1. With respect to B:Tyr53, determine if the residue is surrounded by 13 or more Cβ atoms within 10 Å (Cβ to Cβ) and touching a Cys at 6+ places or on another chain (Cβ under 6 Å).
2. Kindly indicate which of B:Leu3, B:Leu8, B:Leu16 is within 25 Å of the chain's Cα centre (by Cα), at pLDDT 90 or above and either of a type in the set (Gly, Ala, Ser) or assigned to a helix (DSSP H, G or I) (or both).
3. Tally the residues that are surrounded by 12 or more Cβ atoms within 10 Å (Cβ to Cβ) and either within 14 Å of chain A (Cβ to nearest Cβ) or among the β-branched types (Val, Ile, Thr) (or both), restricting the search to the stretch B:9-21.
4. How many of the residues making up the stretch A:42-62 are within 11 Å of chain B (Cβ to nearest Cβ), of a type outside the set (D, E, K, R) and under 30 Å from A:Gln205 (Cβ atoms)?
5. Taking the stretch A:57-87, which residues are of a type in the set (Lys, Arg) and either in contact with a Gly (Cβ under 9 Å, 6 or more places away or on another chain) or not assigned by TED's automatic domain parsing to the domain that holds A:Leu161 (or both)?
6. Give me the residue from the stretch B:135-154 that is touching a Lys or Arg at 6+ places or on another chain (Cβ under 9 Å) and more than 10 Å from every other protein chain (Cβ to nearest Cβ) and, out of that set, nearest to A:Pro82 (Cα to Cα).
7. May I ask you to list the residues in the stretch B:221-277 that are polar (S, T, N, Q) and in contact with a Ser or Thr (Cβ under 8 Å, 6 or more places away or on another chain)?
8. Does A:Ala116 fit the bill of being facing chain B (nearest Cβ under 10 Å) and within 29 Å of the chain's Cα centre (by Cα)?
Amino acid sequence: MAFTGELAISTRGLRKTYRRLNGSKHVAVEGLDLDVPVGGVHGFLGPNGSGKTTTIRMLLGLIRADQGTMRVFDQPVPARLPDVVGRVGAIVEQPKFFPNFSGRRNLLLLAGAIGADSRLVEVVLGDVGLADRAKDRYRTYSLGMKQRLAIAATLLKDPDLLIFDEPTNGLDPAGIREIRDVMRGLAGRGKTVLVSSHILAEVEQVADTVSIIARGRMIADGRVSDLLGTGAARTVRVGVAVPGTAGSLLEAQGWTVRRDGHQLLVDGAPDPARITEILARQGLFVDELTPVKVDLESVFLELTAGQGPGTRPPDEHPHGRRAAGSDS
Amino acid sequence: MRLLRVELTRFRCRVLLWVLSVCVIGLALLLPFQAWQSSKAPTAAQIEQAQRYADEEQKAQDEYREECLEQQEEARETDPNADYGCDYEVRIENYLPWRQTFEDDAGSTLYGFMIPLLLVGVAMAASFVAAEFATGAIGNWLTFAPRRGRVYWSKVVAATTGVVPMAVVSVATLVGGLWVAYSLNDSITSQWADDPDMGGERAVLMTPELLVAAGGRLVVAVMAVAALGAALAVIMRHTAAVLGALAAWLAVIEGLVRGQVGSAFPYLLLPNLQAWVQGGVTYYDDVCANDADTGEWVCTTTEHVLSQTHGGVVIGVVVGVVALVGWLVMRRRDVQ
């Protein structure tokens, strides 16, 4: 995968508020600056309610932004959306088709709407493995089949940008893997894939770049490798016979020590060898010394100080919001 | 045009719309059958029985005639115009079963068919459009066709034209069926046409040409309410909400207001639909006030005519306004 430096999606200062039934306002997206480079898979991550779907809906012209600007392939949207919509395929949340029409009928209608050749319907149905069930009513499809039909629908346009909003929700492991393979395959064909998810580990396996948002604000973005590198191996798991004493010794070095059963999790040690050295001096010998693997989930929890879905605003975060070496 | 074509395809594919169409066409078939039953010539037994009743009545009339004339003479001493109907001639037709004729009854049958046909038209259009909002498919649709104005008008126009086959077939079935039914029984001409007591009534009797014209206007009315239903479906997003709102409107506005405020009659939906289809309707308005001389509360009933043109204009304005509101809602509303 090679990034060209061009942006498939770019938003600046995007804001959206919803009015609740009691009249109060809920800010769903607050000043969001999102950049999605052309090419590869871009993960759009954040907990439930963080504003991912709202952002995607604004990009697709389904809901109106209160403030801010959005561009898709350098065209301002929603003003010029009709000009670029042919290059964009999207599945927003659960696929929504006409339940009493067959899969084929649903796709034929969509193909008719964009002037696509009706023969293409059979091709895309075959591509997603739904040719055998194409004549069945959509409402009889499993969730995985519905997702595949939605992907087939997006392929009718042969889009340059595909937007998948929580595509693996409700899918079994085989279905999740299938969707992942589809996304990688599309990226391999030069498409740009924007995939939103609240399951960070899942996206980590497939994304080249990510944007992480919480409470409608961007808290980090960049290449996955760079983001993982920002917190690489600073936590070390230590197995020792006397964890209490060992913990006190390590804390005396100014490091953060947490108990995890009979083991210790040590943050802030510049080098794991220093741990063995300090403990060995006191006659304590480690039986395990493992750098804790850093994943997106732990990076996210670190960035948001583990406060869960709400999290704190990004400007309070000591590491800032962009990963080192970010190219987006 | 591309979107309209797709919408018409979707319209054609909806099973519910076929079911509703079949129901209303079935009703259109049933009514001529009923007309055929009700326009049969009386049987020999019925004629014989009627003759017997007429003879008995004539005999009683003859016996009473002298006494009647005397009482009439007495009455004329004070009122020269007193008429007790002593020369009343008993007619056998009065004792035969009522026999419908095309000229007398075809019009009222068509006008009676108007309400169910209009309801089916509005239900078809509302369900066609609201289904897309209720299932959320509209969100998916807009990612393929983001120009909301075009999407909206394609749906409204598709709903408006989609009901035409159903309306044309059912109206043609009814109009043609009525003509055939009455013709089979040789019951075209009004029983009152040559009745001297009903002189002048013949001018308003139904003719095949008038019935076809009224049927054509009924098809246009179905298209109008279909456009209304489609626009309301965009605004309300659920078929049940549209039908509920219309039912409430009919009950409260068309029912209560019509009864309480006579002057509102020319601006209500149903009277204008009737005026459009029937070529004008007559209504009466009571104007009550204290009489200046006697001080009594006196009501004067005034006859008004709601013309076909008035009906067409009012319906057109209502449909146009609701369609524009639907367009504005479609353009501005967030799609979840």
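The values are calculated or read from the model by the stated rules, or taken from the named source; none is laboratory data. Model, not experiment: these values are computed from the prediction. Every residue, glycine as well, gets a Cβ built from its backbone with ideal geometry; the counts of neighbours run over all protein chains shown.
1. For B:Tyr53, the condition - surrounded by 13 or more Cβ atoms within 10 Å (Cβ to Cβ) and touching a Cys at 6+ places or on another chain (Cβ under 6 Å) - is not met.
2. Answer to the check: B:Leu16.
3. Matching residues across the stretch B:9-21 total 9.
4. Summing the residues that are within 11 Å of chain B (Cβ to nearest Cβ), of a type outside the set (D, E, K, R) and under 30 Å from A:Gln205 (Cβ atoms) in the stretch A:42-62 gives 7.
5. The one that is of a type in the set (Lys, Arg) and either in contact with a Gly (Cβ under 9 Å, 6 or more places away or on another chain) or not assigned by TED's automatic domain parsing to the domain that holds A:Leu161 (or both): A:Arg57.
6. Going through the qualifying residues, I end up with B:Gly149.
7. Within the stretch B:221-277, just B:Thr239 meets the criteria.
8. no
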